[in-house]
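To keep things clear, I will list the structure first and then write my remarks on it.
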Amino acid sequence: MPQWVADRGTTLWSHHAMKSFGTRSFMPSPPVPPAPQPVATGAEHPQAPLSIHDMTVAYHRRPVLWDVDYDAPFGKLVAVVGPNGAGKSTLIKAVLELVPRASGQVHFFGQPYRKVRERVAYVPQRSSVDWDFPVSALQVVAMGLYRRIGWFLPVTKKWKVKALEALERVGMADYAQRQISQLSGGQQQRVFLARALAQDADLYLMDEPFAGVDASTERAIVSVLWDLRKSGKTALVVHHDLQTVPEYFDHVLLLNMRLVAAGPTSDVFTPDNLRATYGGQLALLAQVGHKMKLGGET
């Protein structure tokens, strides 16, 4: 069985593979920025879907995340936003124990991760997966059911039907028997999303699900996210397109090695907070601010 199949219930990658990938994938980080002004993170609810307290992560003694405190709200879609190298993907991997934490505590629904893995689903970056492995879309989705099926037990018709239902939700049922290497990038992303949906988790952690996908796939992902919210699920999504944050997400977590601000999008996603997060990238911020202004006038 290849490394990326033995997934500990949340990811196709093994702990060792993800740890290695995470260590190699980040360029050397800039010096730790000054501590931001105190923000309301909601980090006082131990039963939150995800509760992070004083978490620091470093690669080769270079800090990537510094003293992060955050509680995810129940039943909300949260965008994790920040510049490249800000530690967004590392945040997701660190809470899932895929990369080591230098310090801090993480709980899911008030419990250590190992006790509630079945309640947490993970969609990794598409670029981190070996898509050449000879397996069909249906088989990939069925991997999300292994904890319920039982390791090394056959995938019976009952579970194949559940996997097919998950593919149907993302518009990929017609490609169930297609080899994943024969799918487009957007289709591959939908298959991984279906795999997470098959787990029927309560918390979904998604690392750049919109990266490199076509418009139809983006609409399909957004529709799934909104359905999850209607079902009372929580999703944390690493996201780069600032202009779609107010449209897609209820809450936002602004990150640049430190937590800059977190809370409802209408309160936190402001030009001042974006400037504090992105620094001198003023042209981009001006475009976002202009769109926000237009949105407020309608």
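Couple of notes before you dig in:
- Scanning region 32-52 for residues that are over 21 Å from Y122 (Cβ atoms) and either at pLDDT 95 or above or acidic (D, E) (or both) yields a total of 1.
- The residues of region 169-181 that are assigned to a helix (DSSP H, G or I), within 20 Å of R126 (Cα to Cα) and open to solvent by 50 Å² or more (accessible area, probe 1.4 Å), listed by number, are R169, Y175, S181.
- Given (1) at pLDDT below 90; (2) in contact with a helix residue (DSSP H, G or I) (Cβ under 9 Å, 6 or more places away or on another chain), number of the condition D202 does not satisfy: (1)
- Residue match in region 213-232 (condition: under 19 Å from R126 (Cα atoms), touching a Lys or Arg at 6+ places or on another chain (Cβ under 7 Å) and not in a helix (DSSP H, G or I)): no
- Candidates in region 80-135 are the residues that are of a type in the set (F, W, Y), assigned to a loop (DSSP other than H, G, I, E, B) and open to solvent by less than 40 Å² (accessible area, probe 1.4 Å); of these, the one that is farthest from A201 (Cα to Cα) is W131.
- Taking first residues from region 223-247 that are under 17 Å from G212 (Cα atoms) and partners that are open to solvent by 70 Å² or more (accessible area, probe 1.4 Å) and modelled with pLDDT under 95, the Cβ contacts under 6 Å between residues at least 6 apart in sequence or on separate chains come to Q243/K291.
- Of all residues in region 232-242, those being over 14 Å from the mean Cα position of the chain (by Cα) and open to solvent by 70 Å² or more (accessible area, probe 1.4 Å) number 0.
The values are calculated or read from the model by the stated rules, or taken from the named source; none is laboratory data. Note that the structure is predicted; figures quoted are calculated from it, not measured. Using ideal geometry, Cβ is built from the backbone for each residue, glycine included, and neighbour counts are taken over all protein chains shown. These accessible areas exclude ligands, DNA and RNA; they are computed on the full protein's heavy atoms, side chains included. Shrake-Rupley method; radii C 1.70, N 1.55, O 1.52, S 1.80 Å.
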